[in-house]
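The values are calculated or read from the model by the stated rules, or taken from the named source; none is laboratory data. What you see is a predicted model, and the numbers here were worked out from it, not measured in a lab. In this analysis, Cβ positions are derived from the backbone assuming ideal geometry, glycine residues included, and neighbour counts consider all displayed protein chains. These area figures cover heavy atoms from the full protein model, side chains too; ligands, DNA and RNA do not enter into them. Shrake-Rupley method; radii C 1.70, N 1.55, O 1.52, S 1.80 Å.
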Amino acid sequence: MPLIIIIVLLVGLRYFEVWRFAEISWWYIVGLMIFAFIWFEFIEKILGLDKRKAHNVDEQRRKDRVKQNFDKRK
């Protein structure tokens, strides 16, 4: 997610020609966008990071459910 924020900031700063960002080539920004696309579509899936996030959410949901059930019995 920080990568997307950096891309949006760079596009805004380059578009409005703020300070030294006015001199950055659009190709660097496009290259960063391509890198972000490849990362989120391929590399993250290869490394299993997308499944790990989903697994952590499911695990937390399970813990909350167990806690809630044991709290009702007391």
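For the subset of the stretch 2-43 comprising residues that are outside any helix (DSSP H, G or I) and on the phi < 0 side of the Ramachandran plot, which member is most open to solvent (accessible area, probe 1.4 Å)?
At the first step, the residues of the stretch 2-43 found to be outside any helix (DSSP H, G or I) are 16-18, 24-25.
Then keep just the ones that are on the phi < 0 side of the Ramachandran plot; that gives 16, 18, 24-25.
On the way: F16: 151, V18: 61, I24: 48, S25: 42 Å².
Residue satisfying both the conditions and the ranking: F16.
Name every residue in the stretch 44-53 that is assigned to a helix (DSSP H, G or I) and surrounded by 10 or more Cβ atoms within 10 Å (Cβ to Cβ), in order of residue number. Reasoning before the result, please.
Here is the first cut: in the stretch 44-53, the residues assigned to a helix (DSSP H, G or I) are 44-47, 49-53.
Within the stretch 44-53, E44, K45, L47, L49, D50, K51, R52, K53 qualify.
Restricting attention to the stretch 66-74, does a residue exist that is open to solvent by 80 Å² or more (accessible area, probe 1.4 Å) and not in a helix (DSSP H, G or I)?
So in the stretch 66-74, the residues open to solvent by 80 Å² or more (accessible area, probe 1.4 Å) come out as 67-68, 70-74.
Filter once more, so that each one left must be not in a helix (DSSP H, G or I): 74.
Within the stretch 66-74 (the criterion being open to solvent by 80 Å² or more (accessible area, probe 1.4 Å) and not in a helix (DSSP H, G or I)), the answer is yes, since at least one residue qualifies.
Please go through the stretch 35-60 and give me each residue that is touching a residue at least 12 places away in the same chain (Cβ under 8 Å) and aliphatic (A, V, I, L, M), ordered by number.
Passing the criteria: only A36.
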